[in-house]
Amino acid sequence: MSMSSKADVTQIKLTEAVEAVESETKLDIKNPIWRIVIISLALGLVIFHLYTTIFGIFPALIQRSIHVGFALALCFALAPAKRSSSRSHVPWYDVIFILLSICTTIYILLVYDQILENPLLWVSSIDQLFSVILLLLIIEAGRRTVGWTFPIMVLFSILYAYFGPYFPGIWGHQGFSLSVILQSLYHSSNGIWGMMVGISATILSIFAIFGATLIAIGAGESFFKISQMLTGGSRGGSAKVSIASSALFGMISGSAVSNVVTTGNFTIPTMKKTGFSSPFAGAVEAVASTGGQLVPPVLGAAAFIMAQILGIEYSTIAIATIIPAFLYYFGAFIGVDLEARKLGLKSDKSSSWKDGFSIRSLALFVVPIGIFSYFLFTGYTPSLGGVWAIVAGLIVYMIFRPKTISGKSQKTTRKISVGISIASAKTVFQIAALLACAQIVVSLISMTGVGVKLSTFIIDFAQQNLFLGLVLTALVCIVLGMGLPTTAAYVIAASVLGPALIQLGLEPLVAHLFIFYFAIMSTITPPVCAAVFLAAGLADANWWKTAVNAMKLAVSAFVVPFAFVYSNSLLWMGPIADRIIATITAIGGVFFLTVASIGFLWKHIPIWIRLPLALAGILMVVPNLLYSIIGLIFGILLLFTHRVILKKKNSTQDEASFNAI
């Protein structure tokens, strides 16, 4: 294939990737009246959140009820009842759901003053009816966005609260009438309108609009171009482009599953065509997409929730995740490079860093992210930083507006506004439905006291042994993540496991980051691993082989959280010398772990060297200088032994060949 032909193929693939990303800004509804209605709702959602961020949010119940009203109406307008189907029209039953969503949330505004006077008194029988309707609407919205797992948890929580006296032993409680349960959920800021929904109604909505803006102005193109510029010409470049682009896109998608679907349609076929096996290509995409939620400064939604739960600056969390995120992707890059070396793949000499370079590509990505980071690390709220990042992105787009990637006519201001609104609506209603369900579960956990009982059970089971408590916590997070998105798994696990880890002696931030990491890793950990399932489907590969390859690539992510628990240096805390030493030794440890996991360096490494090499890697990751030195010496001796054996084997083979001649 000629150089120009290769460039043409790359251009086509890049165009397909950009179109896949920008599909989030498109509306499939065909009916013109419904298109106007949905676009108006989406625009109203965006305007409402931008206005309240700039000029001040309304009182909690008002802000959150308006937010939930918009989110539920858009959910029933855009999300089909059957999750696997597409939507080209709005059926009659969803019209009813939309009207009920608006009525049940607007009603809160009408009785707001009465609720403030006496939140424990039903205002009228309409309150009871509307509380039931709203609860059912939230459950249905949760089913449409995240499947049956969360709605079942909500229903079980309600049943547990009602039938408390009938549960045995320590799990029993006094029980609450259905009237009290519904009243506490509908009228109280600790119920449906609690902190989780509050975060969705403020910070996360702006975060969603920010991400939608980046997609609508063409920053998705920049992600792929920058990734191509940085890694496209190296050995295994197609897989490294996948890692880089998915990491960048993951910062704004906040979801491993949506990241796999969006970028995997482009990256997985490309990896397969360049020589990687189907299971490995799927694993690369799953690992890269999952880690996007770890990448600062724009972490996933769970990080914003963590900041609110702990009452700390979001920038503190962003700083703490820098080194672990680097180690995660460093391990993935090393794993890809070793696999490419094993397969005999060469560097793509036809690719140059200039292929991905343009001022426009860099500006569309760097300027908005840079503005957001500036506001974040100078003491402003993430919401305000998000607003100014949105403004900066639009200004950059206007400056570079004449240039497009595919030769299509430039987008008008109207198209940009509609695209931002639709993409924002799709993200916001998913987050709102998810967190409304989570809020109900968390509220009932607090109401029934089961959270305290579970924490006590974990502490007693661990018998004050921190390591055993950490292992149990990691397993629970992985189990929760089997049927829940990362944000939901984190919220539930943090409400139950967080207090237990803190009682075992951990600082709150460290405990929550540990939970956060294993909630994320559940998406690639069998037996139920959503990111792997989707990536394996796109790769036409066996899901189990894909999962095994994914865990090999992300092996360091199962070790690093334990390491930063025992020494906070990897979270960039403590003396600067300790931080630097811990980072350097951890890099070496991740290298050893990945080599042992992939089983290849110069040649195939036998299992009797791989196992002790993995132990050497673990010793180096642990932020203890003595252990790190032992691990380094041990690892070098193992690799030296492997090298000597290879040379001796090659020498013997050469001698045998000479004698045969």
* Structure fact -> Averaged per residue, the 1.4 Å probe accessible area of the stretch 435-566, protein heavy atoms only, in Å², is roughly 33 Å²
* Can you give the alpha-carbon Rg of the stretch 416-510 over 2.2 N^0.38 Å, where N counts its residues? -> 1.34
* Tell me the label-point distance for the pair residue 602, residue 117, using the 7 Å Cα-to-Cβ offset, in nm and rounded to one decimal. => 8.5 nm
* Asked: With labels modelled as points extended 7 Å from the Cα through the Cβ direction, what inter-label distance (nm, one decimal) is found for residue 578 paired with residue 124?
  -> 6.2 nm
* Asked: Once label points are set 7 Å from the Cα along Cα→Cβ at both residue 502 and residue 625, what is their separation, rounded to one decimal in nm?
  -> 3.4 nm
* What accessible area, in Å² to the nearest ten, does a 1.4 Å probe give for residue 431? -> 30 Å²
* **Added length on full extension, which subtracts the Cα-Cα distance from 0.36 nm per residue, residue 398 to residue 374** => 6.5 nm
* Protein accessible area in the stretch 606-646, 1.4 Å probe - carbon and sulfur % -> 85 percent
* Asked: What is the calculated FRET efficiency for residue 461 to residue 93, with r their C-beta to C-beta distance and R₀ = 60 Å, to the nearest 0.05?
  -> 0.80
* Of all accessible surface on the stretch 144-220 at a 1.4 Å probe, what whole percent is carbon and sulfur? -> 72 percent
* **Within-11-Å neighbourhood charge of residue 524 [Cβ basis; K, R +1; D, E -1]** => 0
* To do: Please report how far the C-alpha centroid of the stretch 297-351 lies from that of the stretch 100-177, rounded to the nearest whole angstrom.
  => 39 Å
* Structure fact -> So for the stretch 499-598, using the alpha carbon gyration tensor with a ≥ b ≥ c as root eigenvalues (a/c under 1.5 gives rounded; past that, a/b versus b/c decides prolate or oblate), I'd call it oblate
* So between residue 40 and residue 633, what do we pick up on full extension, going 0.36 nm a residue minus the alpha carbon distance? -> 207.0 nm
* Asked: For residue 136 and residue 643, what does the FRET efficiency come to when R0 = 60 Å and r is the distance between their Cβ atoms, rounded to the nearest 0.05?
  -> 0.35
* Structure fact -> 1/(1 + (r/R0)^6) with r = Cβ-Cβ of residue 567 and residue 155, R0 = 51 Å, i.e. FRET efficiency to nearest 0.05, evaluates to 0.75
* To do: For the stretch 535-661, just say rounded, prolate or oblate: build the C-alpha gyration tensor, square-root its eigenvalues into a ≥ b ≥ c, call rounded for a/c under 1.5, and beyond that prolate if a/b exceeds b/c, oblate if not.
  => oblate
* the stretch 437-503 - percent of accessible surface contributed by carbon and sulfur, probe 1.4 Å -> 70 percent
* Structure fact -> Sorted on mean Cβ neighbours within 10 Å (highest first), peptides 447-454, 416-423, 208-215, 31-38 come out as 208-215, 416-423, 447-454, 31-38
* Asked: To the nearest 10 square angstrom, how much accessible area does residue 49 have with a 1.4 angstrom probe?
  -> 0 Å²
* **Paramagnetic label zone (point 7 Å from Cα along Cα-to-C-beta, residue 190; backbone N under 11 Å) in the stretch 415-441** => none
* So how do 604-612, 434-442 stack up, highest first, on mean other-Cβ count within 10 Å? -> 434-442, 604-612
* Asked: Contour minus end-to-end for residue 343 and residue 475, with contour as 0.36 nm per residue of separation and end-to-end as the Cα-Cα distance?
  -> 44.1 nm
* Probe 1.4 Å, accessible area per residue of the stretch 591-653, Å² -> 55 Å²
* To do: Please give the net charge around residue 283, taking every other residue with its beta carbon less than 9 angstrom from that of residue 283, where Lys and Arg add +1 and Asp and Glu add -1.
  => +1
* To do: Just add up the charged neighbours of residue 333: K/R +1, D/E -1, any other residue whose Cβ is under 12 Å from the Cβ of residue 333.
  => 0
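The values are calculated or read from the model by the stated rules, or taken from the named source; none is laboratory data. Nothing here was measured: the structure is a model prediction, and the numbers come from that model. Glycine gets a Cβ as well: all are built from the backbone with ideal geometry, and neighbour counts include every protein chain shown. In case anyone asks, the SASA skips ligands and DNA or RNA and just uses the protein heavy atoms, side chains included. Shrake-Rupley method; radii C 1.70, N 1.55, O 1.52, S 1.80 Å.
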